[in-house]
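Take a look at the structure below.
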């Protein structure tokens, strides 16, 4: 990266001394450090000995042409850009130069302002690419196992530190796939309870009829099949932390029982007449608006306020632009190592697409996409054609407002299924519905490769 006070270096290459003199005078007046060469051979010698950010070159020169110089620069120097200067009769040559690797071309005659504008634009593009490369391939700190340096994620880091210093209950909110469980683990392992158990429970993944026995345990003979007394997750987490994910999926009777645990610090095993004291810190998470559920009587207000002593919101990936490329690099390296493959790099265009995509499935969706790319890509460079179809431009895509809501829903579900390689469990989390609802929706339309959809978990 250019240091403060450091001049940007430009090499002017042309066999016309008048052209070299004019360009040198103009560029020097704008503060650039200018080197000059009257042949490709001279230019290469300068490039081999001096760091140069930009080469401004003519095409037609004796012995070796400007096209060969462009190719030499492209295959030997990472951080050097090229602008071609050409006369009107040789626009075709300028186009060929751009295809060879020149960033842009400037047709004669041109004004000083046109020269300064194209030079500035080209140098800014070069700096942007260098910044992206530094972000992607420099090892980044990952406090709490969370990767990012955006303002949004830095606030989460600060909230985690505050939560870890207390024993208060914490409510973690955020869309599916944002990393709420990582936040919960970070709080636990940064707290005084770090050496005790951390027990994560997906409340939406346990049938309602079994949730009570799973959480609180049961005594022998409590119900058919209860051949022995069995402790629940709360007893297992004694002294540590229990993480109740998807807390909004609990029914009202279970919410009452959870409220009693929060108030009295004790649990009742099924069919037991005596309570058991438990020393458990409760962390909960939701991907739904609990205040709206309170208004519709689907969630108890008193439980909400008990849980919401400290609130942490995990921002969606689309609000963490600065983190998308860091995460992409992390997952690419992770899966390449796991699969014993060469490390993958991303083309600049692919990075642009990844950064501009909406990411409805958040970090989980990004992880799935990169995992698939690492598996399917046989080379070492991931480019735009390698990305999932829903991320690539299509001239046939219907984006008008003449579709029904049902048509839009069908298209979106299809796109989500494609993005997670037809994994219904992952798709249902991204869509914010359970697997049963997703199955019902799939019955109503022919999903892509529906016959091949597996029951992946």
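Within segment 298-308, restricting attention to residues that are out of contact with any strand residue (DSSP E or B) (no Cβ under 7 Å at 6 or more places or on another chain) and outside any helix (DSSP H, G or I), the residue that is surrounded by the fewest Cβ atoms within 10 Å (Cβ to Cβ) is 298. If I ask for residues that are under 34 Å from the mean Cα position of the chain (by Cα) and on the phi > 0 side of the Ramachandran plot, which ones from segment 229-275 would you list? Of everything in segment 229-275, just one residue is under 34 Å from the mean Cα position of the chain (by Cα) and on the phi > 0 side of the Ramachandran plot, namely 246.
Residue by residue, here is whether (1) under 19 Å from residue 330 (Cα atoms); (2) in the same structural domain as residue 289 (by TED's automatic domain parsing); (3) modelled with pLDDT under 80; (4) part of a helix (DSSP H, G or I) holds:
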site: 369; (1), (2), (3), (4): yes, no, no, yes
site: 372; (1), (2), (3), (4): yes, no, no, yes
site: 393; (1), (2), (3), (4): no, no, yes, no
site: 416; (1), (2), (3), (4): no, no, no, yes
site: 421; (1), (2), (3), (4): no, no, yes, no
site: 425; (1), (2), (3), (4): no, no, no, yes
site: 430; (1), (2), (3), (4): no, no, no, yes
site: 442; (1), (2), (3), (4): no, no, yes, yes
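Restricting attention to segment 201-244, the residues being farther than 16 Å from residue 268 by Cα, assigned to a loop (DSSP other than H, G, I, E, B) and either touching a helix residue (DSSP H, G or I) at 6+ places or on another chain (Cβ under 6 Å) or outside the structural domain of residue 182 (by TED's automatic domain parsing) (or both) number 1.
Right, residue 44: closer than 11 Å to residue 13 by Cβ and either out of contact with any strand residue (DSSP E or B) (no Cβ under 8 Å at 6 or more places or on another chain) or in contact (Cβ under 8 Å) with a residue 40 or more places away in the chain (or both) or not? Yes, satisfied. Scanning segment 21-41 for residues that are in a helix (DSSP H, G or I) and crowded, with 19+ Cβ neighbours inside 10 Å, we see that the one that is nearest to the chain's Cα centre (by Cα) is 27. The condition (being farther than 15 Å from residue 144 by Cβ and either touching a strand residue (DSSP E or B) at 6+ places or on another chain (Cβ under 7 Å) or surrounded by 18 or more Cβ atoms within 10 Å (Cβ to Cβ) (or both)) is satisfied by just one residue among 196, 237, 164: 237. Residue count for segment 169-200 satisfying the condition of being in a loop (DSSP other than H, G, I, E, B) and over 25 Å from the mean Cα position of the chain (by Cα): 8.
Taking segment 276-291 as the range and being in a loop (DSSP other than H, G, I, E, B) and either on the phi > 0 side of the Ramachandran plot or touching a strand residue (DSSP E or B) at 6+ places or on another chain (Cβ under 7 Å) (or both) as the test, the residues that pass are 278, 280. For segment 309-325, the candidate set comprises residues that are modelled with pLDDT of 95 or more and surrounded by fewer than 19 Cβ atoms within 10 Å (Cβ to Cβ); within that set, the residue that is farthest from residue 349 (Cα to Cα) is 309.
The values are calculated or read from the model by the stated rules, or taken from the named source; none is laboratory data. Predicted model, so just to flag it, every value in this text is computed and none were measured. Using ideal geometry, Cβ is built from the backbone for each residue, glycine included, and neighbour counts are taken over all protein chains shown.
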